[in-house]
Amino acid sequence: MIMTQTRRVLIVGGGAAGMMAAISAARCGCQVDLYEKNEKLGKKLFITGKGRCNVTNACEGVEAFLPHVVSNPRFLYSAFYGFDNQAMMAFLESEGLHLKVERGLRVFPVSDKSSDVIRTLEQAMRKAGVRVHLNAPVKSLIMEEDRVCGLTLASGEAVAGDAVILAAGGLSYPSTGSDGDGYRLAKSAGHSVTSLTPSLVPMVVEEDWCRDLQGLSLRNIGFVLKRGKKKIYEGFGEMMFTHFGITGPVVLTGSTRIAPHLKKGPVSCVIDLKPALSESELDARLLRDFDKYHQRQMRNALGDLLPSSLIPVVLLLAQIDPYLPVHELDRQSRLRLLSVLKGLTMTVTALRGYNEAVITQGGVNVREIRPDTMASRKKTGLYMAGEMLDVDAETGGFNLQIAWSTAWAAGIGAARGI
Ligand SMILES: Cc1cc2nc3c(=O)[nH]c(=O)nc-3n(C[C@H](O)[C@H](O)[C@H](O)COP(=O)(O)OP(=O)(O)OC[C@H]3O[C@@H](n4cnc5c(N)ncnc54)[C@H](O)[C@@H]3O)c2cc1C
């Protein structure tokens, strides 16, 4: 594409989306200025994937990707077709960052260092001629009638531009710089922001016995969230007890579906401790163990089946005296034990806050954004990308891919829209 050098694109935010939007607009021939409030770029990127950065997911095609997107998956079709996960991987490899694919098709840099991803993006921006302004918080947008024509920095400096791309992130981990400024700027241009809530976040649980289990990890459990009879989420995997409730991969994924239900009241969390066994298989297993340990007390008879810290809790919930000799356990008590093992139930009362949330659910209403170019339908010259949009996904590299795809579209959109 041939374009003149005078077109100027201004970018608010130097996170994943801001850097990628800068690269894509600059590669289209625009003069790009990126404004980041922090003293360095990609503070949140640095902590992604526990410092290893799960850059994307290597699933095949949009149809495999979109089921992992929780809010507004269809909005992503165009952006994803324009720049998908394969394109992102090819981009990083072409910039010299070698990648590897791990369990669940999660893609990481071979070096296991998120800093290498940031360095690669910085290098691509440098090559494309992007001018980066650090310690430069953007205070407001400059607007003339229905057009955005620049921005004002907190220092008071006004910067004129032909297009502005907002990529200021959401509300999660505000210490990294994403503290809701993007929503404020979008609102000032007439956009609406849907209800915001922390997501991919641990859950607060009512039962005191949860706190007694603090630090205990459970693998290969069945995990169901429900309100009354309505099943909200069903998963399988790993979880952990904490001083406030529960966390871990399956809990975080479940948290993406629970927020609207929690507004109406507590939600039940039902854990199947032995999902590989049917009730009758588990009953047979219990009978075998009780036969083996018939001379013991109940508290010493479940060690083959459960971690030791869980045994007193399970017995308590099944109303079985831990000192009861195994040979005195009656059938009814055994069936109560069975139902606790297949349905350990807790009451989720709330989600933890933004300081612990991987992402923000909710954001700028996507009906006000053109899905092919990320252009605002409210103001000419305004574009948006990344977490500040009302699009979010499960863990596994999907959220960063949303940032890459929407940012790529916004960069090209801003370059072409002028
Ligand atoms: C602990 C953690 C681990 C994660 N791990 C993964 C993972 O492994 N894989 C994955 O796919 N996703 C992961 N995520 C999610 C992922 O980090 C986000 O989806 C992604 O960073 C969103 O990119 P963004 O550019 O939209 O926002 P951000 O990365 O938050 O960037 C926004 C930037 O804008 C700047 N900014 C804000 N306001 C202004 C302003 N007024 N002026 C100037 N600059 C401003 C901020 O300082 C920030 O640098 C993780 C998130 C967390 C919190």
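The values are calculated or read from the model by the stated rules, or taken from the named source; none is laboratory data. Just so you know, these numbers come straight off a predicted model, no measurement behind them. Cβ coordinates were reconstructed from backbone atoms using ideal geometry, including for glycine residues, and neighbour counts include every protein chain displayed.
Would you confirm whether or not region 75-86 contains a residue that is assigned to a strand (DSSP E or B) and within 12 Å of the ligand (Cβ to nearest atom)? Looking through region 75-86, none of the residues is assigned to a strand (DSSP E or B) and within 12 Å of the ligand (Cβ to nearest atom). When Lys231 is tested against (1) in contact (Cβ under 8 Å) with a residue 12 or more places away in the chain; (2) assigned to a strand (DSSP E or B), just one condition goes unmet, and that condition is (1). Mind checking which residues of region 33-55 are outside any loop (DSSP other than H, G, I, E, B) and near the ligand (Cβ under 7 Å from one of its atoms)? Hits for region 33-55 are Tyr35, Lys43, Lys44, Leu45, Ile47, Thr48, Gly49. Residue count for region 376-405 under the criterion of being under 18 Å from Leu34 (Cα atoms) and surrounded by fewer than 24 Cβ atoms within 10 Å (Cβ to Cβ): the result is 0. A single entry from Leu185, Leu171 fulfils the requirement of being over 24 Å from Pro202 (Cα atoms), modelled with pLDDT of 95 or more and outside any strand (DSSP E or B): Leu185. In region 204-226, the residues that are without any contact (Cβ under 8 Å) to a residue 24 or more places away in the chain and of a type in the set (Phe, Trp, Tyr) form no Cβ pair under 9 Å with any partner that is part of a strand (DSSP E or B) and buried (at least 16 other Cβ atoms within 10 Å of the Cβ), whether six or more places apart or across chains. Output the residue which, of all residues in region 297-321 that are of a type in the set (D, E, K, R) and assigned to a loop (DSSP other than H, G, I, E, B), is nearest to Leu287 (Cα to Cα). Among them, the one singled out is Asp304.
What do you reckon, is Arg147 free of Cβ contacts under 8 Å to residues at least 12 places away in the same chain and out of contact with any helix residue (DSSP H, G or I) (no Cβ under 7 Å at 6 or more places or on another chain)? In short, no. Return the residues of region 153-201 that are surrounded by 17 or more Cβ atoms within 10 Å (Cβ to Cβ), without any contact (Cβ under 8 Å) to a residue 24 or more places away in the chain and charged (D, E, K, R); say none if nothing qualifies. Selection gives Asp179 alone. Of all residues in region 356-411, count the ones that are of a type in the set (Asp, Glu), part of a helix (DSSP H, G or I) and either modelled with pLDDT under 95 or within 12 Å of the ligand (Cβ to nearest atom) (or both). Residues flagged as of a type in the set (Asp, Glu), part of a helix (DSSP H, G or I) and either modelled with pLDDT under 95 or within 12 Å of the ligand (Cβ to nearest atom) (or both) within region 356-411 amount to 2.
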